[in-house]
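The values are calculated or read from the model by the stated rules, or taken from the named source; none is laboratory data. Quick caveat, the model's predicted, so the values are computed rather than measured. Methodologically, a virtual Cβ is constructed for each residue, glycine included, from the backbone with ideal geometry; neighbour enumeration extends over all protein chains shown. The protein model used for the area step is the full one, side chains on, heavy atoms only, and it has no ligands, DNA or RNA in it. Shrake-Rupley method; radii C 1.70, N 1.55, O 1.52, S 1.80 Å.
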Amino acid sequence: VVATLAATSLALGACGGDSGDGGDNGGDGDTTVSIWTSVDAPVMQGLEAATAELAADSGITIEWEKVENINQLIMTKLGAADAPDIAMIPQPGVVADLASRDGIYPLDDVLDLAALESTMVPGTLESGTVDGSLYGLLVSMNVKGLVWYNKPAWTEAGYPTEIATIDELKDLTEQIKADGNTPWCMGIESDTATGWPATDWFEVLVAKYGGAETYRQWVDNEVPFDSDVVREAAGTFEELLFTEGNSLGGRTAIASTNFGTAGNPMFAEDSPQCWMYKQGSFITGFFPDATKSDLDANVGLFGFPPAEAGGENPVVGGGDLAVMLNEDEATKTAMQILADPTVGNEAAPISSFISPHKTFDMALYPNEVTRAVAQVAYDSTAFLFDGSDQMPGEVGAGSFWSEMTSWISGGQDLDTTLSNIDASWPTQ
């Protein structure tokens, strides 16, 4: 692994741009590069191990530090003497904000963009692009829009494991109900963040019905909530989850059911109490201990299907974008190391790490479940960052959450819900 990383880094280094003179490291000859991140400890541990020897071979030292609330913290460190050289930012909006403040440096002349375009999932480079220049490099990713099920029960029932279209998913829902079962598990309760699981549903449906470009326009408020594509998404949401008998406990139970435990009835001892749960790749950590003890035997999944078979099929997710706060040669070399498609080789076997590179060695993932999650992303036509995370806070973590909750709980109609969200969008 180290030999491969070293060879690739040297090749990338040859493609790097000229050094600037703005960084402290470049001025005093220091070759130590600091990286701050909020990723889970096992992911950081793996990335740290994979980069250590390669960094030494390249004549630099990389020091990783795990910090909390990096989005807020990094804003207070812009221009400070104790700022890191590289930060791993989990939200594209923060990357754009940093770029607008001239707090980070573009990567266009640092990385081999053509090589990255050939290996990375479509859309991942766009997620870190601001005004036509790459500022954030996606290093690790997570995937949303996954439909989970009880693998043994599913197999015994003979239900399909590949769903080609949303209409086929609707047909499957009806088939499960006709068999006397409850098709969907669903819950949006999350303490002060109640409602966010519903926003994930809408993001996936808008992406599938509207495609990548319409999705980005919606996130940027160029397409309002009260629009045809969002109403189409709402209609499918209603049909799948509000129809009598389709979700466990019915519509009235959704708002009060915690998202973390909502899928656990799939693994009830006798038979599933509900049969499908749409959630992100992280949700396996919330499954019952007995289920987690052998994920490959107990858990199956498929990606939320596209609107049309063979049509545009984007995937919604998240991840961590590496940005440069220093432009000396040591920092550029470290960024080139992070761009190596094999940089996750040590992290993948021991953590939830998923590489954004389609060329990544799938055998390194710890189980078939993780490989299946990664394959959903690798088969997609575009990777799109979580929409609510990119919207202004008043909307993405405000009205979008609360208005979805009011609508789902029956407190207001869809017209009012969409209108209220549109009205909450800041004017500046």
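Among the residues of the range 343-376, those identified as more than 16 Å from the chain's Cα centre (by Cα) and over 16 Å from T119 (Cβ atoms) are E346, A347, P349, I350, A363, Y365, P366, N367, E368, V369. Reported count of residues in the range 142-198, each being open to solvent by less than 10 Å² (accessible area, probe 1.4 Å), small (G, A, S) and in a helix (DSSP H, G or I), is 1. Only a single item in (1) more than 16 Å from W148 (Cα to Cα); (2) touching a Pro at 6+ places or on another chain (Cβ under 9 Å); (3) in contact (Cβ under 8 Å) with a residue 12 or more places away in the chain is not met by E174, and it is number (3). Does V373 fit the bill of being modelled with pLDDT of 95 or more, outside any helix (DSSP H, G or I) and not acidic (D, E)? Criteria not met by V373. Since Q273 meets every condition but one in (1) under 22 Å from T124 (Cβ atoms); (2) in contact (Cβ under 8 Å) with a residue 12 or more places away in the chain, which condition does it not meet? Evaluating Q273 over (1) under 22 Å from T124 (Cβ atoms); (2) in contact (Cβ under 8 Å) with a residue 12 or more places away in the chain leaves (1) as the failure.
For G280, the requirement of being closer than 29 Å to E238 by Cα and open to solvent by less than 10 Å² (accessible area, probe 1.4 Å) is met. Looking only at residues of the range 310-325 that are open to solvent by 10 Å² or more (accessible area, probe 1.4 Å) and assigned to a loop (DSSP other than H, G, I, E, B), we find that the one that is farthest from V229 (Cα to Cα) is L325. Residue count for the range 31-69 satisfying the condition of being part of a helix (DSSP H, G or I), surrounded by fewer than 18 Cβ atoms within 10 Å (Cβ to Cβ) and either basic (K, R) or over 23 Å from the mean Cα position of the chain (by Cα) (or both): 5. Looking only at residues that are open to solvent by 20 Å² or more (accessible area, probe 1.4 Å) and without any contact (Cβ under 8 Å) to a residue 40 or more places away in the chain in the range 289-309, which one is nearest to S352 (Cα to Cα)? The selected residue is K292. For A330, the criteria (1) in a strand (DSSP E or B); (2) closer than 23 Å to T51 by Cα; (3) of a type outside the set (F, W, Y) hold in every case but one, which is (1). Scan the range 382-428 for residues that are more than 27 Å from P356 (Cβ to Cβ), assigned to a helix (DSSP H, G or I) and open to solvent by 20 Å² or more (accessible area, probe 1.4 Å) and the total you get is 15.
When A81 is tested against the conditions (1) of a type in the set (G, A, S); (2) in a loop (DSSP other than H, G, I, E, B); (3) closer than 30 Å to D296 by Cβ, the lone failure is (3).
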